[in-house]
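Data first, discussion second: the structure below is written as C-alpha cells.
The values are calculated or read from the model by the stated rules, or taken from the named source; none is laboratory data. Since we're looking at a predicted model, the values are computed, not measured. Counting neighbours? That spans all protein chains shown, and the Cβs are built from the backbone with ideal geometry, glycine included. Each accessible area value is taken on the protein alone, full model and side chains, heavy atoms only, with ligands, DNA and RNA left out. Shrake-Rupley method; radii C 1.70, N 1.55, O 1.52, S 1.80 Å.
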Amino acid sequence: MEFSVKSGNPEKQRTACLVLGIYESKRLSPTAEQFDRACAGYLTNLLRRGDMEGRLDQILLLIQPPKTLCDRILLVGCGKERDLDDRRFRQIMAKAVTTLHSTGATEAVCYLTDLNVKSRENDWKIRQAVEAAEEVLYQFNEFKSKKEPPRRTLRKLILAAPNRRELPAGEQAVREGVAIAAGVRLTRDLGNRPGNVCTPTHLAEQSRQLSEQFPVIKVEVLEQAEMEKLGMGALLAVARGSAQPPKLIVLEYRNAPKARKPIALVGKGVTFDTGGISLKPGAEMDEMKFDMCGAASVLGAFRACVELQLPVNLVGVVPTVENMPGGQATKPGDIVTSLSGQTIEILNTDAEGRLILCDALTYCERFDPATVIDIATLTGACIIALGRHPHGLFSNHPPLAHDLLNAGETAADRAWELPLWEEYQEALNSNFADMANVSGKRDGGAIVAACFLARFAKKLHWAHLDIAGTAWKTGKEKGATGRPVPLLTQYLLDRVNENGGGE
Ligand code: BES
Ligand code: MN
Ligand code: ZN
C-alpha cells in the first residue's frame, strides 16, 4: 500500500473516502467538527438519528454524502476521548483500514491522526497508522493451493497532518512506518513458514538474498566444520540430533564512522524445537516452528535499518539449528565445552536456546560491540511470568535496559524488565561441569535462563529479550507477530538521534 501525508481542510478533499473519528456520546473529533460546520451540520443531524454512538469499534459508512466533494465518509467510533491510549489508537486504525478494504474505495484521506492520544504527537500517530494498516493487511498465503485473491481495493492511504509545518515530520514518520512494516513483514513470513521449509539452510539463504537485495548488508555463513574448528561445543551439541546442518549467519551493515563500535543483534534460530531427547509433549508442538522468531527479528531489524539508511554500525549474529532427537543426539547428562571454554552439563536437551546463544554471544566479542542485544523465544516460564503482552527484558547494564524500555514505549512494542540477580545463579550449579543448562526447580525459569546467558556476556554491555510470549499468537489467530522489530528499530533510531546523525 502507498502512504502519503497531506494538510488541508476535510471539506476540501476530493477523495473516494474521507475517514473521520467520532468519540463516544456522538462527540465529533476536531476535524469531524470542522467538516460538520462546513456542511451545515450534516454529521450532527445524522448522528442525532442514532445510527452511530461513537463507541470503540463502531463504524458507519456514508455513501455519496450530499453537497460534499467526497464519494464516501467513513465514521469511526473512538470511544471515550480520555481513554484513548496507544493501544486503542492502533485498534481504531486497524478497524478503519479493515473497513476501507471492504468498500470500493481505492484511495482514502484519513483524519484519525487528529485524535487526541495522550502525550503523542502527530508524527507518532502517522507512523503508528502506517504500521497498523500494514499489520491488518498482512496475509500469509504461500502454502494455500488456491490463493485468496488479496482484496486490494484500497491502494493509497493519505494521512492528515494538522498544518504545512508538520508535513516534513509526517513524511519522515511515513518512511519510518513503511520501513518498520517491511521488517515486520519479513519477520512474520519467515516465522510462519513451516519447519520443513524454514530450516537453518533456508535462513542462511534468506540472509544471502537480503544482502543481494541490499548490497550494503554483508553476509557470511559459518558451516559446521568451521564451528567445530572454533570450538562451539554448545551450539553443535544442539544440532547433533538433526539431519539439518547448523549454520552461524553473520550479517554486517556499516554505515557510521569506522571508529564507532557496532551494535550487535543476536537471534535464536531454532527452526524447530522438538525438545530433543528431553522430548516435548505433543500438544501444540507445531508452534515450535516459531522458535526461530528471534533470528527472524534480527533479519527484520536489518531490513528496516537499511531501508531507512540509518547511520549506524550493526552486526547480526544468528545461530541456527534444528533440535531433534536422533541417534547422534545429545543426551541428558552429556557435558560439552562452549566457545568461551566454560563447560556445560546438559541436563535437559529442551533448554537448547541458551546453548546456541551462549556460543553466539562469545562469538560477538570479536566485533568489540558497544552493546549486544539477544532476542530469543527462550522460555515458557516467561509467558507464565508476564503473559503475552510485553517482552521479558534482562540486562547487565542498566542504561541499556532503560534505552530498550523507552524504545518499546515509543514504538508501542513494550518490554518489561525482570531481575538478573546473583542470587539466582546458584540454581545452575552442577556436580560435574562448570554449570548445568537448567535448574532442578521450575522457579523463576525465565530469570534462570537469562542468568545462564549472563555468564557468557560478562565482557559485554548486554541485554536479553525473551520473546516467548510475544513472537507469535496462538489459537484462531495463530501466526508470527513480527515483534520486536518495531522496538529494535526504534532503539536504533534513538541511537542515531543521540549521536546527532553524524559523528
Ligand atoms: N522454545 C522453548 C521455549 C518456549 C516454549 C517458547 C513454549 C514458547 C512457548 C525453549 O527451548 C524451551 O523448551 N524451554 C524450556 C526450558 C526448560 C527445559 C528449562 C521451557 O520453557 O520449558
Ligand atoms: Mn526447547
Ligand atoms: Zn526452544
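Among the chymotrypsin sites (Phe, Trp or Tyr not before Pro) in region 66-174, those located in a DSSP loop and surrounded by at most 10 other Cβ atoms within 10 Å of their own Cβ are Phe143. Work from the charge dipole of region 321-410 (Cβ charges, +1 for Lys and Arg, -1 for Asp and Glu, about the Cα centre) and give the residue of Val372, Val321, Leu386 farthest towards its positive end. Towards the positive end, the residue furthest out is Leu386. Against the chain, whose longest principal axis comes from its Cα atoms, helix 86-101 is set at around 70 degrees. Rolling a 1.4 angstrom probe over the chain with all protein chains present gives an accessible area of which 48% lies on carbon and sulfur atoms.
Any chance you could check the Cα centroid distance between region 106-157 and region 264-281 for me, in angstrom? When both Cα centres are located, 33 Å separates them.
Residues Asp434, Asp36 ordered from highest to lowest accessible area at a 1.4 Å probe: Asp434, Asp36. Quick check on region 179-499: of the DSSP beta bridges with both residues there, what percent are antiparallel, nearest 5%? Of those bridges, close to 50 percent are antiparallel.
Across the cross-link table entries Lys95/Lys125; Lys441/Lys478; Lys67/Lys125; Lys289/Lys459, which are compared at the Cα atoms, the separations over 27 Å belong to Lys441/Lys478; Lys67/Lys125; Lys289/Lys459. Contact order, relative form, for region 415-458: 40 percent (alpha carbon pairs under 8 Å, 6 or more residues apart, mean separation divided by residue count). Across region 206-214, coupling constants 3J(HN,Hα) worked out from phi with the 6.51/-1.76/1.60 Karplus curve, θ = phi - 60°, read 5, 5, 4, 4, 4, 6, 6, 5, 10 Hz, and Gly and Pro carry x.
Convex hull over the alpha-carbon atoms of region 2-165: what's its volume per residue in Å³?
With only Cα atoms used, region 2-165 gives 112 Å³ per residue.
Can you give the alpha-carbon Rg of region 179-499 over 2.2 N^0.38 Å, where N counts its residues?
Computed over Cα atoms of region 179-499, the ratio equals 0.90.
Amide H to amide H, with H built 1.01 Å from N, Trp472 comes under 5 Å of Thr481, counting only residues 5 or more places away or on other chains. Entry comment: accessible area of the chain is 43 Å² per residue, from protein heavy atoms only and a probe of 1.4 Å. Across region 407-423, rounded Karplus estimates of 3J(HN,Hα) from the backbone phi angles (6.51 cos²θ - 1.76 cosθ + 1.60, θ = phi - 60°) give 4, x, 4, 4, 8, 6, 8, 7, 10, 9, 7, 10, x, 10, 7, 3, 3 Hz, Gly and Pro being marked x. Phi angles across region 339-355 convert, under the Karplus curve 6.51 cos²θ - 1.76 cosθ + 1.60 with θ = phi - 60°, into 3J(HN,Hα) values of 4, 6, x, 5, 9, 10, 8, 8, 7, 9, 6, 7, 8, 8, x, 5, 6 Hz, Gly and Pro given as x.
Of the residues His397, His402, His389, the one with the largest accessible area comes first in the ranking His389, His402, His397, computed with a 1.4 Å probe on protein heavy atoms.
Bridging of Lys280 to aspartates and glutamates at a Cα separation below 17 Å is possible for Asp291, Glu322, Asp350, Glu352, once same-chain residues fewer than 8 apart are set aside. Which values of log₁₀ I(q)/I(0), to two decimal places, follow from the Debye formula for region 60-147 at q = 0.20 Å⁻¹ with a uniform point scatterer at every Cα? Relative scattering, expressed as log10 I(q)/I(0), comes to -0.99. Between helix 122-137 and the chain there is an angle of about 70 degrees, using the helix long axis and the longest principal axis of the Cα atoms. Counting only protein heavy atoms and using a 1.4 Å probe, the accessible area of Trp462 comes to about 0 Å².
Output the 0 to 90 degree angle, nearest 10, between the alpha-carbon long axis of helix 293-307 and the longest principal axis computed from the alpha carbons of the chain. With both axes taken from Cα atoms, the answer is about 50 degrees.
The amide H of Trp462, built 1.01 Å from its N in the peptide plane, has Val372, Asn396, His397 as neighbours under 5 Å, considering only residues 5 or more places off or on other chains.
Here the contact order of region 2-165, divided by its residue count and restricted to Cα pairs under 8 Å and six or more residues apart, works out to 32 percent.
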